[in-house]
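For reference, the structure is listed below as structure tokens.
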Amino acid sequence: RSAHRKNKKGSAGASAAPHIGRTSKFTVIDAPGVSQPAAPVASSSEAPAPAPTAPQKERAQGSRATATSSGAITSSPVRLAVPFTSCKKPAWISERDAFFKEVAARRAAEVASKVPSAITITLPDGKEVAGEAWVTSPQTVALGISRGLNDSSVVARVTYSSRVDDYCAAEDGVGEADVMMGGMEETEEKKGDGDGSEVVLWDMARPLVGSCKLEFLKFDDPAARTVFWHSTAHMMGEALERLHGAHLTIGPPLAGGFYYDSYLGQEKEGSDRTLKETDYGPVEKEVGAIAKAKQPFERLVVTKEECLQMFAYNPFKHAIITAKVPDDSRTTVYKCGDLVDLCRGPHLVHTGRVKAFAATSHSATQWLGNVDNDPLQRLYGVSFPDKKMLKVWKENQAKAKERDHRRIGVKQQLFMFHDFSPGSPFFLPHGTRIYNKLVEFIKTQYWSRGYTEIMTPNVYNLDLWHQSGHALHYKDAMFIFDVEGQEWGMKPMNCPGHCLMFNSRVRSHRELPLRWADFGVNHRNELSGALTGLTRVRRFVQDDAHIFCRDDQIEAEVVGALEFMKYVYDIFGMSYRLELSTRPKKALGEQALWDTAETALANAMNTFAGKGGWRENPGDGAFYGPKIDIKVMDAMERSHQCATIQLDFQLPIRFNMSYSTAEKGEMARPVMVHRAMLGSVERMFAVLCEHYGGRWPFWISPRQVMVIPVHADWFAYCEKVRELMHAEGFYCDVDVSKATFQKKVRNAQVAQYNFQLVVGAEEVKNNSVNIRTRENKVEGEMKLDEWMVRCRQLRDEYK
């Protein structure tokens, strides 16, 4: 708290505040596995950011993530490819292999000069193992424990407490930012426990270079799965080179597999070679042969000049190396079989660990995402360490296709899209019922949990986004227009507007915490090719809320948010996993402040989930504060990032926010907590649609009851039932069509009405209804007033 405190006459710092970065709640990524460029950061600062000048505004042009992120590859239209005829095993493969061996001999001489020295390796159970730097590898240690451990381990997680004196990161090719990360954020080096340690994923066969803690990660670990799929992408790339002489570009892992973009040359008649479904079989066969060969993944450090020579045949790799590898520096390549690829790694020990592979789909794309650039072909794939896992994956894919929210949305007439407003959903009457129920559900919780709803504008002068720092990354993803000669934009998020409201008057410590919730409409100018149903849209609403609190209130507020989250996802019938993402390398703010915040979050998670009920993700916090990542699992065990809880120290700095403390004349800086339970309401609509498979629970169902008369004589009574239910807020219809009774029942069940109320002479006489369920279970006759009690109970208990 003292780190935030300042007096009324001036702020505690003088240097300009650094640019704020993206929160995971608001990340905009144009292509899977491609990260946005990192914001430039300065040393920690408490000073509010000055209003940007015109030249500063011009420099603060944000850009959406493309293959050009973090590099100087020109995005102007450019044709790089030299046309060639697609062929098997072109000559440059053997030439590249020969040069690889030549460079490998040079590096081997360097490593031979290293002096093995004693290191201590600490295992997860606390046992210490003696080793030698430059000799002992994680694989050495694993084999010393058991063959089974070695065979099941995908990659090692190493936490270095120290490195040997003759180790140099720049010499090892990791002194600069990765030039081909492309979705491998899990593999980046991260800070450890605040003791100077570094956490990094490490090849099992790569010798260790210092004393460390050592963990062995299996396929069920998300980071290991990323490495496994990245390695298989290399195998698929090798197959494409062998079969077509492909010029590979980038091949990142994704959340559910991987892809590789490549230029396939031309057919004999001169047209560009494109992928077809008939190509899947040969690729799968070739990858199978590569796996059977158990090709080792070999890591090699190369200079920029060596790298350029190694990839001289490939204009795309050449462009990446030229732009992204600094002069007089080193980077790394990996080899497996015939393939050599520019890559940071890490990778599997050998290709034989991949027991099952499938090419899943393909699409056309362009170099750097520019339609005027070279046409490329993108091939997607997935792989597993066990054939049974691939079988289960294919079964789940078939289920997912049946549950696709876009398919259900059309079938149940829930929403639509139109070319006049791409990416902006039109919610039809029945879809609006679901949408409104979701919002009402959250609003009811807001009322009982001490939140206050507010409303903020949809459009702002762009100066607001320069002050918040978002313009640096989001301007190109915003809808910008001119108002009286100044730039204005539609808001892509709510946070800065809430900061303005906080600053509208002097705040007292007695007011805190302030919990402000906003269902404002947000807009983001997503690329048309990235738009996907309700999961990637241009117009959306979040159940967004920001909590402004004191340092000593952080823990209680986080526990409250976690309990809120649990309540919501228990209602939805979804499980979840919790991860605490801690201080990253480029964190802003004082170490003591981070330590306090991380301790508060850890205590909150222990209180909520118990020790062992969550995992730490070292160094993966946002640069402005630690965060809790919440992964929710649907009925098909798919992971979704919907809810989020994040601490933010930087927006309060940039907006010079303060409140009066209990100590007379003193002001302090509040902490801002970003939190959302649903995330985007549109996206949650899609997630729930697929989670339930279109079989909506009664409380949220857009078609709750269908009343079915067995004869026209009972139409009037049926209408009475409908009016009674309508008056109570239930969605009830009457089927007065000329269809047969059996057909009416079947139609109602197919349309996913939760109940069918059958009405005949006895029901009219007894003022009752005869109940059937959606599953065609006949429950029998029930008095109308009893039926209404049951409906209210289902609604009130969210069942």
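Each reported figure results from applying straightforward, stated rules to the coordinates on display, with no laboratory input. Remember, it's a predicted structure, so these values are computed and weren't measured experimentally. For neighbour counting, all protein chains shown are included, and Cβ atoms are generated from backbone atoms with ideal geometry for every residue, glycine included.
Brief remarks on what is shown
- To the nearest ten degrees, helix 429-448 and the longest principal axis of the Cα atoms of the chain are 80 degrees apart.
- Taking 16 Å as the straight-line reach from the Cα of residue 491, the lysines in range (excluding those fewer than 8 positions away in the same chain) are 25, 475.
- Two-decimal log10 I(q)/I(0) for region 354-489, as the Debye equation yields it once each C-alpha is a single scatterer, q = 0.22 Å⁻¹: -1.18
- The Cβ shell under 14 Å around residue 521 holds other residues with a net charge of 0, Lys and Arg each +1, Asp and Glu each -1.
- Taking a straight line from the alpha carbon of residue 566, these lysines sit under 18 Å away, with near neighbours fewer than eight places off in the same chain left out: 443, 611, 627, 631, 799.
- Counted charge near residue 413, where neighbours are those whose Cβ lies closer than 12 Å (Asp, Glu -1; Lys, Arg +1): +3
- Cα long-axis angle, helix 591-609 against the chain (0 to 90 degrees, to the nearest 10): 50
- Cross-link pairs beyond the 24 Å C-alpha cut-off, checked among 88/335; 89/394; 276/394: 89/394
- Relative to the longest principal axis of the Cα atoms of the chain, the long axis of helix 681-692 makes an angle of roughly 80 degrees.
- For volume of the Cα convex hull per residue in Å³, calculated from these coordinates, the label among (1) 185; (2) 199; (3) 234: (2)
- Label-to-label distance, residue 411 versus residue 363, with points set 7 angstrom from Cα along the beta-carbon direction: 2.3 nm.
- Given 213/585; 285/401; 268/317, the pairs whose alpha carbons are separated by over 22 Å: 285/401; 268/317
- Qualifying trypsin sites (Lys or Arg not before Pro) for region 243-289 [loop in DSSP, other Cβ within 10 Å: at most 16]: 268, 276
- Sum of side-chain charges, residue 322 neighbourhood, beta-carbon under 12 Å (Lys, Arg +1; Asp, Glu -1): +1
- In region 392-444, the chymotrypsin sites (Phe, Trp or Tyr not before Pro) that fall in loop regions by DSSP, at most 12 other Cβ within 10 Å: 420
- GluC sites (Glu not before Pro) within region 645-714: DSSP coil, no more than 15 neighbouring Cβ in 10 Å: 663
- Cα→Cβ-extended label distance, 7 Å offset, between residue 267 and residue 98, nm: 3.5
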